[in-house]
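Okay, so here's the structure we're looking at.
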Amino acid sequence: MALSAPTILGTPECLWPADAALGEGTVWSQREQVLYWIDILEGRLHRHDPRGGERRSWQFDEEITALAERAEAPGLIVTMRRGFALFDPALDAAPRYLHRPEPERAGNRFNDGKCDRQGRFWAGSMDFDCQAPTGALYRFDADGSCTRHDDGFAVTNGPTWSLDERTMYFNATVEGCIYAYDFDAAAGTVRNKRVWLRFGEGEGLPDGMTTDAAGRLWIARWGGHCVSCHDPESGAELARITLPASQVTDCAFGGEDLCTLYISTARTGLSDPALAAEPLAGGLFSVRIGSPGLPAALFAG
């Protein structure tokens with residue numbers, strides 16, 4: 001049964017004109033009621049508190065690329081350049097690496113990632129130059145084990161899941177392709193990889209994405225000036241939010257009622273004339289939606 005289109009309440013507002021080189025990693029903290037997001041290329045973690053507009057940032061010595069809150073302890077699990085680490089924003093200490101799964105792939109770095117509802121952190125690696133098919137999809141568990149589930153991507157983004165957890169969606173960004181896998185939630189495995197949706201030339205490339213409480217997929221479009229909303233079965237576009245920035249990178253639902261969609265953007269790769277035409281590129285945006293998203297899943301460790 002096809003889902004109805006969501007209601008978009010107003011136009012996007014720039015909450016933080018951060019000039020991020022590569023804004024990414026939007027995660028709403030249910031615990032703190034704040035929005036975390038990342039500037040990958042500048043190695044910065046940002047936190048925005050919508051209640052008073054307070055902003056805070058942390059600077060790292062290398063790229064930080066994705067994050068999730070921990071369920072059993074304070075702080076975050078994050079992906080850094082080479083793999084999985086722990087970081088507690090309340091402590092004045094550097095991230096502590098847990099596992100580096102790709103010592104033989106010196107040209108790679110990690111990119112996007114999210115937890116599933118069982119508390120396992122899924123993250124993808126990618127080629128630094130966004131060209132070689134050296135990226136892979138990993139699952140990192142609370143016991144410290146790490147499993148490679150797929151391989152051969154130039155740039156990875158996502159993942160997100162269907163409401164019934166039977167499907168996992170994962171982006172091969174350079175190819176403009178969103179894959180679907182059959183997902184075994186109990187075992188934490190994927191199989192039956194197939195193309196779910198492919199963006200045409202000039203439509204942007206699929207970047208970060210999330211699932212709302214109705215099961216619709218919201219996909220940030222790199223080079224597409226927008227976030228688009230899609231039916232999870234057919235892939236049909238149901239709605240589109242246009243941004244005053246072309247490099248749209250990630251989105252996450254947040255706010256007390258989970259009806260605010262937070263959207264990150266980037267400046268990297270834009271010429272001086274393009275940047276002059278997009279003064280808010282690299283900013284964090286928000287827009288109200290007439291229906292809620294889902295709370296971000298927590299890491300079980």
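A quick yes/no check of all residues on (1) modelled with pLDDT under 95; (2) hydroxyl-bearing (Ser, Thr, Tyr); (3) closer than 16 Å to TRP37 by Cα:
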position	(1), (2), (3)
ARG198	no, no, no
GLY204	no, no, no
THR211	no, yes, no
ILE219	no, no, no
THR249	no, yes, yes
THR268	no, yes, no
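With respect to the stated conditions, GLY215 is surrounded by fewer than 18 Cβ atoms within 10 Å (Cβ to Cβ), in contact with an Asp or Glu (Cβ under 9 Å, 6 or more places away or on another chain) and on the phi > 0 side of the Ramachandran plot. If you check PHE183, PHE199 for being closer than 22 Å to ASP141 by Cβ and surrounded by 19 or more Cβ atoms within 10 Å (Cβ to Cβ), only one passes: PHE183. The residue that is nearest to ALA220 (Cα to Cα), counting only those in region 108-134 that are more than 16 Å from the chain's Cα centre (by Cα) and crowded, with 18+ Cβ neighbours inside 10 Å, is ASP127.
Of the residues that sit in region 256-284 and are among the polar types (S, T, N, Q) and in contact with a strand residue (DSSP E or B) (Cβ under 8 Å, 6 or more places away or on another chain), which one is surrounded by the fewest Cβ atoms within 10 Å (Cβ to Cβ)?
THR268
In the set (1) touching a Lys or Arg at 6+ places or on another chain (Cβ under 8 Å); (2) surrounded by fewer than 23 Cβ atoms within 10 Å (Cβ to Cβ); (3) on the phi > 0 side of the Ramachandran plot; (4) not hydroxyl-bearing (Ser, Thr, Tyr), GLY158 fails one condition alone, (2). Look at (1) modelled with pLDDT under 95; (2) surrounded by 14 or more Cβ atoms within 10 Å (Cβ to Cβ) and you find that ARG139 fails only one, number (1). Being basic (Lys, Arg) and outside any loop (DSSP other than H, G, I, E, B) is the filter here; which residues of region 98-110 pass it? Scanning region 98-110 gives a single hit, ARG109.
Condition check ((1) more than 19 Å from the chain's Cα centre (by Cα); (2) farther than 21 Å from ILE8 by Cα; (3) of a type outside the set (Asp, Glu); (4) at pLDDT 95 or above) across all residues:
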position	(1), (2), (3), (4)
LEU238	yes, no, yes, yes
GLY254	no, no, yes, yes
ASP272	yes, yes, no, yes
GLY283	no, no, yes, yes
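Do we find that THR210 is among the hydroxyl-bearing types (Ser, Thr, Tyr) and either loosely packed, with under 14 Cβ neighbours inside 10 Å or closer than 21 Å to SER264 by Cβ (or both) in this structure? Against the criterion (among the hydroxyl-bearing types (Ser, Thr, Tyr) and either loosely packed, with under 14 Cβ neighbours inside 10 Å or closer than 21 Å to SER264 by Cβ (or both)), THR210 qualifies. Within region 1-46, the residues that satisfy the criterion of being touching a residue at least 12 places away in the same chain (Cβ under 8 Å), more than 19 Å from PHE87 (Cα to Cα) and outside any strand (DSSP E or B) are ALA2, LEU3, SER4, ALA5, PRO6, THR7, PRO17, ALA18, ASP19, ALA20, ALA21. Is it true that PRO295 is assigned to a loop (DSSP other than H, G, I, E, B), surrounded by fewer than 16 Cβ atoms within 10 Å (Cβ to Cβ) and touching a Phe, Trp or Tyr at 6+ places or on another chain (Cβ under 8 Å)? Here the answer is yes, as PRO295 does meet what is asked. For the subset of region 225-245 comprising residues that are in contact with a Leu (Cβ under 7 Å, 6 or more places away or on another chain) and in a loop (DSSP other than H, G, I, E, B), which member is farthest from THR160 (Cα to Cα)? My answer is PRO244. Criterion applied to ALA236, ALA220 was being closer than 27 Å to MET1 by Cβ, surrounded by 19 or more Cβ atoms within 10 Å (Cβ to Cβ), touching a residue at least 12 places away in the same chain (Cβ under 8 Å) and among the aliphatic types (A, V, I, L, M), and the one residue passing it is ALA220. Residues that are over 19 Å from PRO159 (Cβ atoms) and either more than 19 Å from the chain's Cα centre (by Cα) or not aliphatic (A, V, I, L, M) (or both) within region 72-88 comprise GLU72, ALA73, PRO74, GLY75, ARG81, ARG82, PHE87, ASP88, listed in sequence order. Among the residues making up region 22-53, those that are surrounded by 17 or more Cβ atoms within 10 Å (Cβ to Cβ) and among the small types (Gly, Ala, Ser) are GLY23, GLY25, SER29, GLY43.
The values are calculated or read from the model by the stated rules, or taken from the named source; none is laboratory data. Computed from a predicted model, the values in this text were never measured in an experiment. Counting neighbours? That spans all protein chains shown, and the Cβs are built from the backbone with ideal geometry, glycine included.
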